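Structure incoming, see below.
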Amino acid sequence: MSEEDILQSECVKWFRYQYPKLKQLLFHVPNGGKRNKVTAQIFKAMGVVPGVADLILLAPRKGYGALCIEMKTPSGDQSPSQKEWMKETTAAGNKYALCRSFDDFEKTINDYLS
């Protein structure tokens with residue numbers, strides 16, 4: 001697993017422990033990774049959208065429809081498609097957060113759910 005994968009796994013584990021009643025509402029969108037052309041075409045036909053955030057919390061709060069979280073390491077950069085999706089999802093009324101550490105994630109979740 002990459003450093004980003006490990007960070008995300010730790011964050012999800014914490015969330016499920018901290019918010020057991022919401023644990024089914026936080027999920028990972030497996031958009032990333034390398035795929036061969038045929039698989040990529042199949043996924044695209046099935047609705048894969050480039051740039052979708054790593055984690056989505058389907059829990060409306062504070063006037064937002066959902067919380068979308070992009071996980072990055074401290075040196076990681078958003079791709080152009082991630083930046084575009086961020087603009088589109090916030091324009092649609094969702095909260096978007098870029099988290100670069102466990103502390104970022106914890107603060108983002110607690111602020112959103114409080």
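The values are calculated or read from the model by the stated rules, or taken from the named source; none is laboratory data. This is a predicted model, so every value here is computed, not measured. Methodologically, a virtual Cβ is constructed for each residue, glycine included, from the backbone with ideal geometry; neighbour enumeration extends over all protein chains shown.
One residue is enough: does the stretch 46-57 have a residue meeting the conditions within 19 Å of Asp111 (Cβ to Cβ), charged (D, E, K, R) and surrounded by 14 or more Cβ atoms within 10 Å (Cβ to Cβ)?
Yes; the residues of the stretch 46-57 include at least one that is within 19 Å of Asp111 (Cβ to Cβ), charged (D, E, K, R) and surrounded by 14 or more Cβ atoms within 10 Å (Cβ to Cβ).
Okay, moving on. Return the residues of the stretch 53-98 that are of a type in the set (Asp, Glu) and closer than 15 Å to Leu26 by Cβ; say none if nothing qualifies.
Answer for the stretch 53-98, where residues must be of a type in the set (Asp, Glu) and closer than 15 Å to Leu26 by Cβ: Asp54, Glu70.
Any chance the stretch 97-109 includes a residue that's in a loop (DSSP other than H, G, I, E, B), surrounded by 13 or more Cβ atoms within 10 Å (Cβ to Cβ) and not hydroxyl-bearing (Ser, Thr, Tyr)?
Yes: one or more hits.
Another question, if that's okay. For residues that are farther than 25 Å from Lys95 by Cβ and of a type in the set (S, T, N, Q), scanning just the stretch 1-45, find the one that is surrounded by the fewest Cβ atoms within 10 Å (Cβ to Cβ).
For the stretch 1-45, the residue satisfying everything is Asn36.
Go through the stretch 1-50 and give me each residue that's at pLDDT 85 or above, under 22 Å from Arg100 (Cα atoms) and part of a loop (DSSP other than H, G, I, E, B).
Met1, Ser2, Tyr19, Val29, Pro50
Which of the residues belonging to the stretch 51-75 are among the basic types (Lys, Arg) and either in a strand (DSSP E or B) or in contact with a Phe, Trp or Tyr (Cβ under 8 Å, 6 or more places away or on another chain) (or both)?
Arg61, Lys62
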